[in-house]
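See below for the structure under consideration.
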Amino acid sequence: MTLDYREKMRNEAVRFVTYNVNFASRKFSNYKIRADSIIVEPNKGPEAPSLKEIVAKETTELLERQQRLSVRDLAKKFEKGLNTATKLSNEAKWREVTDRHVLLKKLKVVLESLKGRMVGQNKDEFEEAISMVETLAVQLAQREGELLQEKSEVKKLAIFLKKASEDAKKVVEEERACARVKIESARAAAQRVVQAFHEHEMKTRSTEKQKDFEQLMREVQEARRIKMLHQPSRVMHMEHELQALRIQYAEKSMSSVQLRKELARNKRLEENMNQLYELEGLESLGSSLHIIPREDTAPDISTCAIQWYRIQSEGNKKELIPGATKSVYSPEPFDVGRLLQAEIVLGAESITIATTGPIDPAAGLGSYVEALLRKHETEFNVVLIRMNGENHASNSIHVFHVGRLSIKLSKGKTILAREFYSSSMQLCGVRGGGNAAAQTLFWQVKKGLSFTLAFQSERERNAAMMLARRFAFDCNITLAGPDDQASSGT
């Protein structure tokens with residue numbers, strides 16, 4: 001009877017609890033009490049991580065990847081973290097809505113009401129259940145405190161992430177502004193480079209056109225020269241015209257000289273009525289001056305002692321010309337721009353005659369020498385007349401080489417003499433008279449070796465002397481005749 005009554009009371013208690021409380025299951029959970037009096041619910045499966053762990057994990061990952069993310073990716077990450085924090089905060093709010101304390105109080109009231117109806121072992125079980133509920137309430141209170149702390153931390157993190165997101169946006173805007181400035185600067189620089197390239201290209205094209213034009217002009221000139229060479233009659237006609245112009249110039253010069261001589265003669269006649277001799281010939285480089293008698297009663301000039309002098313046009317400084325003791329003298333480049341004077345000794349008397357003005361340079365000789373100076377070496381065809389003062393029997397053609405550093409005389413492949421410019425070398429016109437004196441040159445290679453050479457024309461003889469003296473002057477050497485003053489220049 002007692003057993004049946006207990007079974008009936010148990011069933012009614014269970015039915016009464018069912019009417020007032022909705023449990024998640026039809027039986028109590030199998031809680032375990034640890035040594036420190038803490039109730040532990042057995043694991044029913046893998047639990048979801050807590051809110052604090054999720055936030056800590058997200059923060060750690062964010063800090064680890066912060067160094068390698070760009071500003072834009074970092075801003076996106078901050079937005080994602082902000083959304084996650086907001087979602088977790090909403091979940092915390094939703095959990096907060098549930099009033100756990102009300103449920104626990106109702107459960108405790110029910111268990112206490114049932115406890116009064118139970119006796120014996122069942123009463124002990126109810127007391128144990130009540131203690132477990134109280135312990136669970138304490139744990140829930142602790143859990144609630146932890147959730148509130150986590151909620152505050154989540155709010156702080158949300159504020160931090162929001163501020164970080166705003167800072168990231170500001171950084172992005174600043175980087176965009178800097179990037180725009182750099183892009184504009186790069187575009188301007190590229191524009192300047194393109195403009196400079198176009199200008200350089202235009203200059204290059206203009207230079208190339210100028211070069212092409214010059215090349216075309218040279219080709220045209222060469223074609224004209226070749227065409228002239230293939231038209232010998234026209235070339236001969238031009239040569240005849242040049243020759244006629246030269247003859248006319250010589251005639252005009254002769255007329256001018258004659259007029260000056262007449263004026264000088266009339267003046268001298270007034271000053272000295274006993275003048276017996278006068279000078280004949282063009283007073284210019286490349287000609288010869290002859291002393292001739294003015295009267296038939298004048299003594300033979302070959303029986304008189306003669307000496308030629310150079311006189312500066314300013315200062316009347318007289319300079320003796322060594323070796324010029326004949327009645328004929330051919331001016332050389334040293335005489336250009338100076339007066340020439342001849343002193344004739346007749347026994348105890350002395351007669352002086354002079355040119356009417358300074359010696360004029362040869363027409364076109366200066367430009368001809370300037371053209372030859374551009375060459376490294378110039379060759380002249382000559383005839384060897386004397387060697388070491390003795391006549392040379394052969395009249396064969398030799399080659400006289402005038403170079404920048406030396407002078408050479410050769411015949412075919414045989415070199416008769418070759419010497420660098422030195423103080424022992426001498427070079428001047430022949431001063432011993434003769435009909436070909438204007439085309440003859442004296443060259444002393446060194447002491448004991450000298451040559452007398454005849455050129456094809458007066459122009460080549462004077463050009464060879466001027467060219468050799470110019471090259472020697474570049475080597476700090478002055479080429480002059482025997483006993484000439486070293487101060488004389490070309």
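The values are calculated or read from the model by the stated rules, or taken from the named source; none is laboratory data. Remember, it's a predicted structure, so these values are computed and weren't measured experimentally. A quick note on method: Cβ atoms are made from the backbone with ideal geometry, for glycine too, and the neighbour counts reach across all protein chains shown. Just so you know, the surface numbers come from the protein's heavy atoms only, side chains and all, with ligands and any DNA or RNA stripped out. Shrake-Rupley method; radii C 1.70, N 1.55, O 1.52, S 1.80 Å.
Go through LYS252/LYS375; LYS411/LYS446; LYS87/LYS169; LYS252/LYS411; LYS155/LYS182; LYS182/LYS209 and tell me which ones have a Cα-Cα distance over 31 Å in this structure.
In this structure, LYS252/LYS375; LYS252/LYS411; LYS155/LYS182; LYS182/LYS209 lie more than 31 Å apart at Cα.
Could you work out the relative contact order of the range 407-490? I mean the mean sequence separation of Cα pairs under 8 Å and 6+ apart, divided by the number of residues, in percent.
After rounding, I find 25 percent.
Can you list the residues, at least 5 places off or on another chain, whose amide H is less than 5 Å from the amide H of ALA362, using H built in the peptide plane?
Close amide H contacts, sequence-distant or interchain: LEU285.
Using a Förster distance of 45 angstrom, determine the FRET efficiency expected from the C-beta separation of GLU349 and GLU222, and round it to 0.05.
According to the calculation, E is roughly 0.10.
How much FRET efficiency would the formula 1/(1 + (r/R0)^6) give for ARG418 and VAL194, where r is the Cβ-Cβ distance and R0 is 56 Å, rounded to 0.05?
0.35
Please give the contour-minus-distance gain from PHE473 to GLN258: 0.36 nm per residue of separation, less the Cα-Cα distance, rounded to one decimal in nm.
Taking PHE473 through GLN258 to full extension adds about 73.7 nm, to one decimal.
Quick one: pull the percentage of alpha-carbon pairs in the range 138-257 with a separation above 23 Å.
Here the tail beyond 23 Å accounts for 76 percent of pairs.
Could you order MET425, MET254 so the one with the most accessible surface comes first? Probe is 1.4 Å.
Per-residue accessible area, sorted high to low, gives MET254, MET425.
Under the 0.36 nm per residue contour assumption, what length would be gained going from the current alpha-carbon distance of GLU280 and ALA179 to full extension?
Full-extension gain reported as 26.8 nm.
For ASP483, ASP474, write out the residues from largest to smallest accessible area, computed with a 1.4 angstrom probe and no ligands counted.
The most accessible residue leads, giving ASP483, ASP474.
I'd like the accessible area for THR297, computed on protein heavy atoms only with a 1.4 Å probe and all protein chains in place. Round to 10 Å², please.
120
Multiply the residue separation of SER367 and GLN142 by 0.36 nm, subtract the distance between their alpha-carbon atoms, and state the gained length in nm to one decimal.
69.0 nm
With 24 Å as the limit, write out which pairs from LYS57/LYS80; LYS57/LYS156; LYS227/LYS413 have Cα-Cα distances beyond it, or answer none.
LYS227/LYS413
So how much accessible area does LEU216 have, in Å² to the nearest 10, using a 1.4 Å probe?
The accessible area comes out at roughly 90 Å².
On a 1.4 Å probe surface of the protein chains, which of THR303, THR378 comes out largest in accessible area, and what is the full order?
THR303, THR378
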